[in-house]
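Peer 1: Below is one structure. I have some questions about it.
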Amino acid sequence: MNVFGRSISPSKLIVSKSSSHPKETVLSGIQPTGTLHLGNYLGMVKNAVAMLEKYRCFYAIVDYHAITVEHDPEELKRNTIEMAFDLIACGIDPKKCVLFVQSQVPEHTELSWILSTVASYGDLQRMTQFKDKGEHQEFVSCGLFTYPVLQAADILIYKASKIPVGEDQVQHIELTRRIARRFNQRFGELFPEPEPIVNEALRIMSLADPERKMSKSLGAKHTISLTEPESEILKKVKSAVTDTGPQGKEKSPGVANLFLLIKLMASPKLLKELEAEYTNGTLQYAKLKMALFEVLMAELKPICERRAQLDETSVRKILREGAERAREVAQKTLAEARELIGVGPLV
Ligand code: TYM
């Protein structure tokens, strides 16, 4: 009997590097640290939705990652459910994937401990997210330092090979590859080396400060949340930082960011027209901003409508069922990893 009450006889344990599923496996995660913003949506969620038909997908709301910095427990509980609302409304259809909350699948944290023994201390020290988040903090938790190992466990426990993420997460996926490789070399082939799937929206910048990535941690002024009132969005778009006017081929960061957003959501025809005006030096930025506002609202309105139709009881049920389905796979991989490292069941 293993710790989860399941009987696994070592002789029956078949260790396979790729999952036995006919489709390739996709996994991604998002922290429930506030409502979903445009950077998350364009950088990761849209890609994750596009992968639903072709792959076997696992999408996790990673609450254990969110506690690596100071947090309010009540807010975390609320944000976890709200994030599920946001994801489903964006098209993460729970009938086509496994949507779950990380802490409800405790195998992630157990595998994380195992992987921490093959993760290099030096590699973790080089993680830029750790440096950024730890900088200027009075207290830096060990959890913040080992955060990427838990991320590796999130991925490897499903033997996922494709990971839709924004550019800021690529370094963590590369680390996951190294961890998988070291585990396989030391104990036997178990994990595939996952690849990051990054689209053109690799880095959406803040409209208020286009030199910095749009991020919840910068504050409300710097993000556009998908469920924000239209009047607030209009205000933020209108006050987006630009420059003194089209000045040649090289766009300033603010203008480049507005063009990127339009490119990701508007018709190619509209983009071409605006690009042509920019090149001619005739483009009024007020026009560019209004064009962005319109495409943005066309994209966000259906999401808000879908969100309003969801009810909390059903969302909680989706998450409970998702965790059950995720655990079936996670328990199998964990048993394989335990056996390989020599802590199999005491039969
Ligand atoms: P998180 O919660 O910070 O962000 C979720 C996803 O959104 C992307 N993203 C962006 N993309 C483009 N432009 C932006 N401004 C922008 N801001 C955020 C992120 O790259 C990410 O893909 N460590 C991860 C969560 C995680 C995870 C995983 C991801 C935990 N386990 C396993 C993949 C696989 C994080 O903090 O994402």
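The values are calculated or read from the model by the stated rules, or taken from the named source; none is laboratory data. Everything quoted here is computed from the prediction, not taken from an experiment. As a convention, Cβ positions derive from the backbone with ideal geometry for all residues, glycine included, and neighbour counts pool all protein chains shown. The accessibility values were calculated without ligands, DNA or RNA, using every heavy atom of the protein model including side chains. Shrake-Rupley method; radii C 1.70, N 1.55, O 1.52, S 1.80 Å.
Peer 1: Order Arg338, Arg178, Arg212 by their accessible area, 1.4 angstrom probe, all chains in place, largest first. Can you show the working numbers first?
Peer 2: On the way: Arg338 45, Arg178 80, Arg212 110 Å².
So the residues, ranked largest to smallest area, are Arg212, Arg178, Arg338.
Peer 1: How about segment 216-302: which GluC sites (Glu not before Pro) there lie in a loop by DSSP and see at most 13 other Cβ atoms within 10 Å? Mind dumping the intermediate values first?
Peer 2: Working: sites: Glu230, Glu232, Glu250, Glu273, Glu275, Glu277, Glu294, Glu299; in loops: Glu250.
Hits after loop and neighbour filter: Glu250.
Peer 1: Return the percentage of antiparallel bridges among DSSP beta bridges fully within the chain, rounded to the nearest 5 %.
Peer 2: On the way: 2 of 16 bridges.
Percent antiparallel among DSSP bridges in the chain is about 10.
Peer 1: Which shape class applies to the chain: rounded if a/c is under 1.5, otherwise prolate when a/b exceeds b/c and oblate if not, where a ≥ b ≥ c are the square roots of the Cα gyration tensor eigenvalues? List each step's numbers first, then the result.
Peer 2: Details: a/c = 2.10, a/b = 1.86, b/c = 1.13.
Prolate.
Peer 1: In addition: Just the accessible area per residue of segment 216-304, please: how many Å² with a 1.4 Å probe?
Peer 2: Using a 1.4 Å probe on heavy atoms only, each residue of segment 216-304 averages 53 Å².
Peer 1: I've got another one for you. Loop-only GluC sites (Glu not before Pro) in segment 141-202, please: DSSP not H, G, I, E or B, and at most 14 other Cβ atoms within 10 Å. All intermediate terms of the calculation are to be shown ahead of the outcome.
Peer 2: Working: sites: Glu167, Glu174, Glu189, Glu200; in loops: Glu189, Glu200.
Hits after loop and neighbour filter: Glu189, Glu200.
Peer 1: Using Cα positions and a limit of under 18 Å, work out the lysines in reach of Lys162, with same-chain residues fewer than 8 apart set aside.
Peer 2: Counting by Cα, and skipping residues close in sequence, Lys162 has these lysines nearby: Lys17, Lys23, Lys46, Lys54, Lys96.
Peer 1: Continuing with this model, one more query. Enter the Cα centre distance for the pair segment 152-216 and segment 228-260, rounded to the nearest angstrom.
Peer 2: Going from one Cα centre to the other spans 29 Å.
Peer 1: Could you work out the relative contact order of the chain, using alpha carbon pairs under 8 angstrom and six or more residues apart, expressed as a whole percent?
Peer 2: Values: 508 pairs, mean separation 83.4, N = 347.
The value is 24 percent.
Peer 1: Wrap a convex hull around the Cα atoms of segment 216-304, take a quarter of its surface area, and give that in square nanometres. Can you show the working numbers first?
Peer 2: Details: hull surface 23.7 nm².
Mean projected area for segment 216-304: 5.9 nm², to one decimal.
Peer 1: Spelling out what I want: for every residue of segment 71-82, take phi, set θ = phi - 60°, compute 6.51 cos²θ - 1.76 cosθ + 1.60 (Karplus), and round to whole Hz; glycine and proline get x.
Peer 2: 8, 9, x, 5, 5, 4, 4, 5, 4, 5, 5, 4
Peer 1: For the chain, which whole percent of the accessible surface, found with a 1.4 angstrom probe, sits on carbon and sulfur atoms? Please list the in-between numbers first.
Peer 2: Working: 9010 of 17060 Å².
The C+S portion of the solvent-accessible surface of the chain is 53 percent.
Peer 1: What is segment 216-304's relative contact order, in percent, from Cα pairs under 8 angstrom and six or more apart in sequence?
Peer 2: On the way: 62 pairs, mean separation 33.0, N = 89.
Result for segment 216-304 is 37 percent.
Peer 1: Would you grab the residues whose amide H sits under 5 Å from the one on Val98? Only those 5+ places off in sequence or on another chain, please, with H modelled 1.01 Å from N.
Peer 2: It is Cys57, Phe58, Tyr59, by chain and number.
Peer 1: Report relative contact order for segment 122-255 in percent, whole number only (criteria: Cα-Cα under 8 Å, sequence separation at least 6). Present the calculation step by step, with values, prior to reporting the outcome.
Peer 2: Numbers: 140 pairs, mean separation 22.7, N = 134.
About 17 percent, as a whole number.
Peer 1: Right, next: When the Karplus curve 6.51 cos²θ - 1.76 cosθ + 1.60 is applied with θ = phi - 60°, which whole-Hz ³J(HN,Hα) does each residue of segment 317-334 get, with x for Gly and Pro?
Peer 2: Computed from phi, the couplings for segment 317-334 are 5, 4, 5, 5, 5, x, 5, 4, 5, 5, 4, 4, 6, 5, 5, 5, 5, 5 Hz.
Peer 1: What does the C-alpha gyration tensor say about the overall shape of segment 287-347? Classify as rounded when a/c is under 1.5, otherwise prolate if a/b is larger than b/c, or oblate. It would help to have the intermediate numbers written out before the result.
Peer 2: Details: a/c = 8.56, a/b = 2.50, b/c = 3.43.
Oblate.
Peer 1: A further question on this structure: How about segment 235-303: which trypsin sites (Lys or Arg not before Pro) there lie in a loop by DSSP and see at most 13 other Cβ atoms within 10 Å?
Peer 2: Numbers: sites: Lys235, Lys236, Lys238, Lys249, Lys251, Lys263, Lys269, Lys272, Lys287, Lys289; in loops: Lys249, Lys251.
Passing sites in segment 235-303 are Lys249.
Peer 1: Just to confirm my understanding: which cysteines in the chain have no other cysteine beta carbon less than 4.7 Å from their beta carbon?
Peer 2: Cys90, Cys142, Cys304
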